[in-house]
Every structure is written in C-alpha cells, then in structure tokens.
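Worksheet: one structure, shown below.
The values are calculated or read from the model by the stated rules, or taken from the named source; none is laboratory data. A quick note: this is a predicted structure, and the numbers were derived from the prediction, not measured. Using ideal geometry, Cβ is built from the backbone for each residue, glycine included, and neighbour counts are taken over all protein chains shown.
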Amino acid sequence: MHSPIAILAKSHKFFTFKAQKLIAETFKMFKLQKTNTTKKILFLAIGLLIANSIRAQQFFHASPTDYSSDNFYQLKIGFEAGMNSSNTTTGKSSPIFSTSSLTGFNAGITFELPITYPVSFAPEILYAQRGYKAVTPNGNFTQRTKFIDIPLLAKLSLGPVYFYVGPQVSFLTAKQNTYDNGFVATTIPYYNKSNSKTTYYDGVFGIGFNLNQFIDIHARYVIDLQQTAANGNGYVPGYSNEVWQIGLGFKF
C-alpha cells in the first residue's frame with residue numbers, strides 16, 4: 001500500500017504534466033490562429049491560470065503528516081509576522097509608576113538549521129514594536145519603542161508541534177514618549193531618560209504548530225534579563241520589558 005506522501009507526490013507529478021501539456025498546446029494554437037488576437041490572450045490566460053493554481057495547491061495543501069527525519073534534515077528559510085503585547089514587569093505594581101500593555105507589530109526573516117533529529121538551531125532577525133502606557137503622579141504618558149531582535153533559539157520538533165527556547169539580543173533603534181495634556185512639564189526629562197539603553201539581553205520561550213510543511217502558527221514570551229536601571233530613580237523605577245507575541249510563519 002502506498003503512503004499518503006507517495007500518493008500526493010505522484011498526483012502532483014501527474015497534474016504538473018497535464019498543465020505543461022496544456023500550455024504547450026496553447027502555444028501551438030497560437031501558431032495556427034495568428035489572426036485571432038483575442039483567442040491568443042484567452043488561451044494563454046487559461047494555461048497560466050491552471051499552472052499557477054496547481055503550484056498554489058502544492059503550497060497550501062501540502063501534506064501535514066510529513067514529519068519524518070528525512071524531511072527534518074533540510075535547511076529552511078522563511079518569513080514570519082505577528083502582533084506584540086508589551087509591558088513592564090516592575091512597573092505593573094509600582095505606586096509611582098503604574099503601567100499597562102501596548103500593542104505592536106513584529107516581522108522578519110527566520111532560519112532553521114537541523115542539528116540532530118528532532119533538535120535544530122533556529123535564529124531569526126526581527127523588527128519589533130514595543131512599549132507601554134504609564135500612569136504617574138505627574139500625569140500619564142505612552143512610550144513606544146522600536147527594536148531589531150535577534151533570537152538564537154533551540155527548537156524541539158515533536159510531529160506537528162514544536163517548542164523553542166533561547167537567548168535574544170535586542171537593539172533599540174527608536175524611542176518616543178507621548179505625554180497627555182496636563183503632564184508636569186518640569187518632570188518630562190526624567191521620564192525621557194527611562195529605557196535609555198540601546199542593547200538588551202532577553203530570554204525567549206514559546207510553542208508552535210505546523211499547519212503543513214510551509215505554514216505554522218506560534219506564540220512566545222520574551223523577558224528582559226536585566227532591569228532598565230540598577231537602582232531606578234525618584235520618577236521611574238528600574239524595570240524589565242516583557243512581550244507576548246503571536247504570529248504566522250511561512251517556510252520556503
């Protein structure tokens with residue numbers, strides 16, 4: 001009995017051959033009907049549509065059960081995008097600096113280098129938006145930050161489910177504080193100094209699920225491994241940034 005993977009591969013070859021034959025016949029018809037421009041365009045469009053449809057079907061309907069070690073030992077490059085929900089840790093319970101979460105966007109390039117089944121090395125290069133909303137005795141403000149994140153993850157694949165954990169280096173590229181009306185202007189410089197480091201070291205752990213060989217959905221938690229200031233100050237205490245992420249990944 002043939003396996004589902006073998007049947008899928010055989011079917012793909014059959015339909016690809018049919019599409020190629022149809023396109024060849026279409027161009028042959030071009031030579032026989034040189035005077036009918038409308039027919040030429042119509043037949044060409046139909047041929048290309050069928051060929052592209054078969055290719056798309058191969059991508060989106062790939063076998064979700066091919067998790068063999070043979071398939072594992074392939075270098076994978078991809079793209080991912082998703083949403084962030086970021087906040088501070090210490091700030092959530094501070095009487096002088098109460099914070100709430102802020103939503104942002106993340107996207108970037110992913111790699112997967114097999115080590116030994118089922119463990120692989122999965123580095124990424126991501127653009128990420130973070131920040132928080134703060135309530136202080138001097139007024140309320142919102143801090144928005146932009147980072148380049150480089151997570152270096154160990155990935156454990158167990159069938160369609162996978163887990164990953166590892167360190168991350170984050171480089172701050174932009175920071176903006178927006179103050180509500182009525183904020184005490186003389187205290188703004190103190191709040192502007194918060195979160196002033198340009199390099200952060202984080203811990204990452206998460207889980208994902210492969211919808212098929214090309215598409216996955218994943219979620220992760222990221223936490224700073226050190227606070228923004230060792231002792232804090234009278235306006236902004238030392239705190240760590242934390243981020244919850246969810247997203248889709250696409251492998252090529």
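Please indicate, with yes or no, whether at least one residue in region 243-252 is exposed (fewer than 13 other Cβ atoms within 10 Å of the Cβ) and closer than 17 Å to Glu124 by Cα. Step through it out loud before you land on a result.
So the first thing to find is which residues in region 243-252 are exposed (fewer than 13 other Cβ atoms within 10 Å of the Cβ), and the list is 252.
From the residues that got through so far, the ones that are closer than 17 Å to Glu124 by Cα too are 252.
Within region 243-252, one or more residues are exposed (fewer than 13 other Cβ atoms within 10 Å of the Cβ) and closer than 17 Å to Glu124 by Cα.
Ala154 versus (1) farther than 20 Å from Glu80 by Cα; (2) surrounded by fewer than 17 Cβ atoms within 10 Å (Cβ to Cβ): which is the lone unmet condition?
For Ala154, the exception is condition (1).
Of all residues in region 139-173, which are within 14 Å of Thr198 (Cβ to Cβ) and of a type in the set (Phe, Trp, Tyr)?
Within region 139-173, Phe147, Phe171 meet the criteria.
Identify, please: which residue in region 104-135 is more than 16 Å from the chain's Cα centre (by Cα) and buried (at least 20 other Cβ atoms within 10 Å of the Cβ) and is, among those, farthest from Asn177 (Cα to Cα)?
So, considering only residues that are more than 16 Å from the chain's Cα centre (by Cα) and buried (at least 20 other Cβ atoms within 10 Å of the Cβ), the one farthest from Asn177 (Cα to Cα) is Ser120.
Out of curiosity, is Ile207 within 26 Å of the chain's Cα centre (by Cα) and among the β-branched types (Val, Ile, Thr)? Break it down into steps so the answer makes sense when it comes.
Numbers: within 26 Å of the chain's Cα centre (by Cα): yes; among the β-branched types (Val, Ile, Thr): yes.
In short, yes.
Only one of these conditions is not met by Gly166: (1) at pLDDT 95 or above; (2) surrounded by fewer than 17 Cβ atoms within 10 Å (Cβ to Cβ); (3) of a type in the set (Gly, Ala, Ser). Which number is it?
(2)
For the structure I just gave you, tell me whether Ser196 is among the hydroxyl-bearing types (Ser, Thr, Tyr) and part of a strand (DSSP E or B).
Working: among the hydroxyl-bearing types (Ser, Thr, Tyr): yes; part of a strand (DSSP E or B): no.
No, not satisfied.
Working only within region 196-252, note down all residues that are basic (Lys, Arg) and farther than 30 Å from Asn71 by Cβ. Outline the logic, then answer.
First, the residues of region 196-252 that are basic (Lys, Arg): 197, 220, 251.
Result: Lys197, single match.
Any residue at all in region 176-183 that's within 14 Å of the chain's Cα centre (by Cα) and either assigned by TED's automatic domain parsing to the domain that holds Gln143 or of a type in the set (A, V, I, L, M) (or both)?
Looking only at region 176-183, we keep the residues that are within 14 Å of the chain's Cα centre (by Cα), and these are none.
Within region 176-183 (the criterion being within 14 Å of the chain's Cα centre (by Cα) and either assigned by TED's automatic domain parsing to the domain that holds Gln143 or of a type in the set (A, V, I, L, M) (or both)), the answer is no, since none of the residues qualifies.
Could you please let me know if Tyr190 is more than 15 Å from His218 (Cβ to Cβ) and among the aromatic types (Phe, Trp, Tyr)?
Values: more than 15 Å from His218 (Cβ to Cβ): yes; among the aromatic types (Phe, Trp, Tyr): yes.
So Tyr190 fits the description; yes.
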